[in-house]
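Chemist: First the structure, which I've put down as C-alpha cells, then a few questions once you've had a look.
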C-alpha cells in the first residue's frame, strides 16, 4: 500500500535524482573553478573574518559577527544530528563521503549568496530587508523570478522548519526523558515565540550567545565517542569510501552509489543550506559595506557544518554500530553517545538537539518573514510569527519519514530560482573573491 510518505518521497526523488544533484554539484564545481578555489586559497582570511566583529559604518541591524552567528544558528540545526543520521541509516556509510564532497564545493555557493545579500538589499531607517529576491530583482533585473523565489521559499520556510526541527527535538527528548512529543512541541513553540516577537535584533543577540555553546558542547561530546572507539576508525573510513562508489544493487534495485549520493547530497544540503538562499537574508543584515567579509564568513560556516558537526554525527553512529541498531534520526546519535558515556551521552545529545533545533527555528522564522514581507508587505509579519509558532506542535508529533521527505521536496523547489541568481551574478562575486571590486554593477 502506497503511503503519504512514499508519495512525497517519490516526488522529492524525482527532483533530487538526477536533476538537483547535477545542478548543485555542477554549480559548486563551476564556482570553485571560477573563484580559483577561494575556499582553499583564502581559508586563513576566512578564519580571521569569522572572528572579526569590525563594522564599517553602513546600514544594518546586526554586527558582522552577530550576522555570522545568526546564519550559523539557522544552518546548524537538527539536520546536522537527525538529518545526517537519517542519511547514514538510509543511504549507508557512503553517504558521509558525499556530504563531504558537496560541503567542499558548497562553500563557493554560500560565498556567493552572502556577497549578493550584502550587495543588494533594502534599507529603510533601522529596518533592513534582504534575501535573494533583491539580487534577482535589482541585480539580475528579473522581478518575476524574485517573486517566484519569495513565494516558494516562504512556503518552504513555514512548512518545513516548524516541522523538521521540533520533530527531531521531540524524538530525542522522548527517547531520553520519556517526554510526550506533544508536550515538547508546545514548550518549544512558546520558547520560540518569546524570541521572534522581538525581531531580528533579539534573534541576533540570542544567536550570538547560543551558537558557540551548542557547537562546543556537541564537539566535546562527539570527540569523547570518537576517542572511545578510535580502534574502529580505519575500518569505518574504508567502509565510507568503498560504499560511496559501490556498484552493488540495493534491495530496491538501485546502485549503492546512487543511493549514497542521493541521501548524502540531500542531507548534506539540508545540513549546510548552501543553495537555499538563506545566507543572503542573514548576512544581508550585517552593518558592513564589504561583501568580501561576509562571503568569507560564509565559507567558514559551511566548513564548520559539513566537516565538523555533520562528521561528528556520522562518525559516532558508524564507529559504535548505532546505524545498524534499527534506530534513526537523533535517537541513533543518542544511542552512539550512550555507548561511550552510559547514562550521560544521551542527555548530551538531547540538550544539543534542543539547542540546534531551537536556534534554527528562530533563525528560519526571520528568513520566512523576509520572504512573505517581500510579497505582502510589512503587516504580514505579525500573523506570520503566530502561524509559524502554532505549527511547531504539529511538527513535533508528525511521522519522521513524512516530515523529512516533505522537507526534501520543498527545499529542492526553492533552490532552482536561487541558483539562477547565483550563477547569473557570479561574475561580480568572482571579482569580490579576488578582492577586485565591491561596487555593485548597474
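The values are calculated or read from the model by the stated rules, or taken from the named source; none is laboratory data. Since this is a predicted model, take the numbers as computed values, not measurements. Don't worry about glycine lacking a Cβ; one is built from the backbone with ideal geometry, like all the others, and counts go over all protein chains shown.
Chemist: Can residue 255 be described as more than 18 Å from residue 102 (Cα to Cα), at pLDDT below 75, surrounded by fewer than 22 Cβ atoms within 10 Å (Cβ to Cβ) and touching a strand residue (DSSP E or B) at 6+ places or on another chain (Cβ under 7 Å)?
Modeler: Yes; evaluated as a whole, the condition is true for this residue.
Chemist: If the requirement is being part of a helix (DSSP H, G or I), modelled with pLDDT of 90 or more and either within 19 Å of the chain's Cα centre (by Cα) or under 17 Å from residue 267 (Cβ atoms) (or both), which of these qualifies: 392, 423?
Modeler: Details: 423 fails: either within 19 Å of the chain's Cα centre (by Cα) or under 17 Å from residue 267 (Cβ atoms) (or both).
The match here is 392.
Chemist: Is there a residue in the stretch 290-312 that is over 30 Å from residue 371 (Cα atoms) and either modelled with pLDDT under 85 or out of contact with any helix residue (DSSP H, G or I) (no Cβ under 7 Å at 6 or more places or on another chain) (or both)?
Modeler: Yes, the stretch 290-312 has at least one match.
Chemist: For residues that are more than 13 Å from residue 228 (Cβ to Cβ) and surrounded by fewer than 22 Cβ atoms within 10 Å (Cβ to Cβ), tally how many sit in the stretch 325-349.
Modeler: 6
Chemist: Separate question: Within the stretch 351-359, can one find any residue that is surrounded by fewer than 20 Cβ atoms within 10 Å (Cβ to Cβ), touching a helix residue (DSSP H, G or I) at 6+ places or on another chain (Cβ under 8 Å) and under 25 Å from residue 83 (Cα atoms)?
Modeler: Checking the stretch 351-359: at least one residue is surrounded by fewer than 20 Cβ atoms within 10 Å (Cβ to Cβ), touching a helix residue (DSSP H, G or I) at 6+ places or on another chain (Cβ under 8 Å) and under 25 Å from residue 83 (Cα atoms).
Chemist: Then there's this: Take the stretch 170-200 and flag every residue that is in a loop (DSSP other than H, G, I, E, B), touching a helix residue (DSSP H, G or I) at 6+ places or on another chain (Cβ under 7 Å) and at pLDDT below 80.
Modeler: Answer for the stretch 170-200, where residues must be in a loop (DSSP other than H, G, I, E, B), touching a helix residue (DSSP H, G or I) at 6+ places or on another chain (Cβ under 7 Å) and at pLDDT below 80: just 197.
Chemist: For the stretch 118-143, how many residues meet the condition of being out of contact with any helix residue (DSSP H, G or I) (no Cβ under 9 Å at 6 or more places or on another chain) and more than 20 Å from residue 64 (Cα to Cα)?
Modeler: Residues flagged as out of contact with any helix residue (DSSP H, G or I) (no Cβ under 9 Å at 6 or more places or on another chain) and more than 20 Å from residue 64 (Cα to Cα) within the stretch 118-143 amount to 1.
Yes/no per residue for (1) in contact with a strand residue (DSSP E or B) (Cβ under 9 Å, 6 or more places away or on another chain); (2) crowded, with 24+ Cβ neighbours inside 10 Å; (3) closer than 27 Å to residue 80 by Cβ; (4) modelled with pLDDT under 85:
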position: 369; (1), (2), (3), (4): no, yes, yes, no
position: 404; (1), (2), (3), (4): no, yes, yes, yes
position: 407; (1), (2), (3), (4): no, yes, yes, yes
position: 432; (1), (2), (3), (4): no, yes, no, no
position: 437; (1), (2), (3), (4): no, no, no, yes
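Chemist: Can you go through 387, 392 and tell me which one is crowded, with 24+ Cβ neighbours inside 10 Å and either in contact (Cβ under 8 Å) with a residue 12 or more places away in the chain or under 30 Å from residue 322 (Cα atoms) (or both)? Explain how you work it out, then say what you get.
Modeler: On the way: 387 fails: crowded, with 24+ Cβ neighbours inside 10 Å.
Of 387, 392, the one residue that is crowded, with 24+ Cβ neighbours inside 10 Å and either in contact (Cβ under 8 Å) with a residue 12 or more places away in the chain or under 30 Å from residue 322 (Cα atoms) (or both) is 392.
Chemist: Here's a follow-up. Within the stretch 71-165, considering only helices (runs of 4 or more DSSP H) that don't extend past its boundaries, which have at least 3 residues that are more than 25 Å from residue 384 (Cβ to Cβ)?
Modeler: 82-91, 95-119
Chemist: Scan 379, 417 and give me the residue that is more than 19 Å from residue 76 (Cα to Cα) and free of Cβ contacts under 8 Å to residues at least 60 places away in the same chain.
Modeler: Result: 379 is the single residue among 379, 417 that is more than 19 Å from residue 76 (Cα to Cα) and free of Cβ contacts under 8 Å to residues at least 60 places away in the same chain.
Chemist: Before we move on, is residue 280 surrounded by 24 or more Cβ atoms within 10 Å (Cβ to Cβ) and part of a loop (DSSP other than H, G, I, E, B)?
Modeler: Numbers: surrounded by 24 or more Cβ atoms within 10 Å (Cβ to Cβ): yes; part of a loop (DSSP other than H, G, I, E, B): no.
Spelling it out, it is not the case that residue 280 is surrounded by 24 or more Cβ atoms within 10 Å (Cβ to Cβ) and part of a loop (DSSP other than H, G, I, E, B).
Chemist: Do any residues in the stretch 326-338 that are farther than 15 Å from residue 356 by Cβ have Cβ atoms under 6 Å from those of residues that are in a loop (DSSP other than H, G, I, E, B), where the two are at least six apart or on different chains, and which pairs are they?
Modeler: 335/325; 335/327
Chemist: So which of 111, 97 is at pLDDT 95 or above and crowded, with 20+ Cβ neighbours inside 10 Å?
Modeler: Answer to the selection: 111.
Chemist: If a residue must be surrounded by fewer than 18 Cβ atoms within 10 Å (Cβ to Cβ) and farther than 16 Å from residue 377 by Cα, how many such residues does the stretch 144-162 contain?
Modeler: The qualifying residues number 2.
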